[in-house]
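Inspection log for the structure reproduced underneath, given as structure tokens.
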Amino acid sequence: MTITPEDRTAPAGAEQAAGRVTLMNRFVVAPERDDDFHAAWYETSRYFVVQPGFISLRLHRAVNDEASHRWVNVAVWESEQAFRAAHSTDDFRRLVSQEKWQEFPSEPVLFQTVVAEGEMP
């Protein structure tokens with residue numbers, strides 16, 4: 001199965017979200033492939049951090065190697081429109097279409113904050 005750039009982009013909802021959105025993208029990565037995944041993710045993240053509307057980015061790794069989705073990328077964007085614009089360029093398509101990404105399936109989903117207490121670390 002080939003993973004396409006569309007597979008790497010969170011599906012849209014019935015209506016465009018108002019205000020900030022948070023992407024949570026879970027990745028399937030075999031423990032022995034952590035270094036290769038991290039290198040590919042870092043290269044791709046350099047594209048996103050300079051895009052208009054980008055706010056922040058965090059990469060998390062599960063403490064348990066048996067977790068099905070051991071890596072989670074969390075990115076905050078000023079708006080869904082900014083998120084979609086960054087995910088619709090030729091540069092994005094080129095980055096996520098690289099052969100090295102084919103072994104790391106993901107599950108991207110956009111969220112809106114409903115309740116927030118305290119600071120995110």
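Annotations for the structure displayed:
- Extension gain, residue 81 to residue 33: 0.36 nm times the residue separation minus the Cα-Cα distance gives 14.0 nm.
- Mean separation of Cα contacts under 8 Å, 6 or more apart, over the residue count of the stretch 17-111: relative contact order %: 47 percent
- Sorting 89, 113 from the fewest to the most surrounding beta carbons within 10 angstrom yields 113, 89.
- Whether the chain is rounded, prolate or oblate, judged on the alpha carbon gyration tensor where a/c under 1.5 counts as rounded: oblate
- Placing R0 at 25 angstrom, the Cβ-Cβ distance between residue 2 and residue 94 gives a FRET efficiency of 0.95 after rounding to 0.05.
- The GluC sites (Glu not before Pro) of the stretch 39-88 meeting both criteria, a DSSP state outside H, G, I, E and B (loop) and at most 15 other C-beta atoms within 10 angstrom of the site's C-beta, are 66, 78.
- Inter-label distance for residue 61 and residue 113, nm, one decimal - labels placed 7 Å from Cα along Cα-to-Cβ: 2.8 nm
- Our helix-only sum for the chain, with -39,500 (n - 2.57) per DSSP H run of n ≥ 4 divided by its residues, gives a mean residue ellipticity at 222 nm of -7000 deg cm²/dmol.
Coordinate-derived values only; no laboratory data. Worth saying up front: this structure is predicted, and the values here are computed from it rather than measured. Every residue, glycine among them, receives a Cβ derived from its backbone with ideal geometry; neighbour counts consider all protein chains shown.
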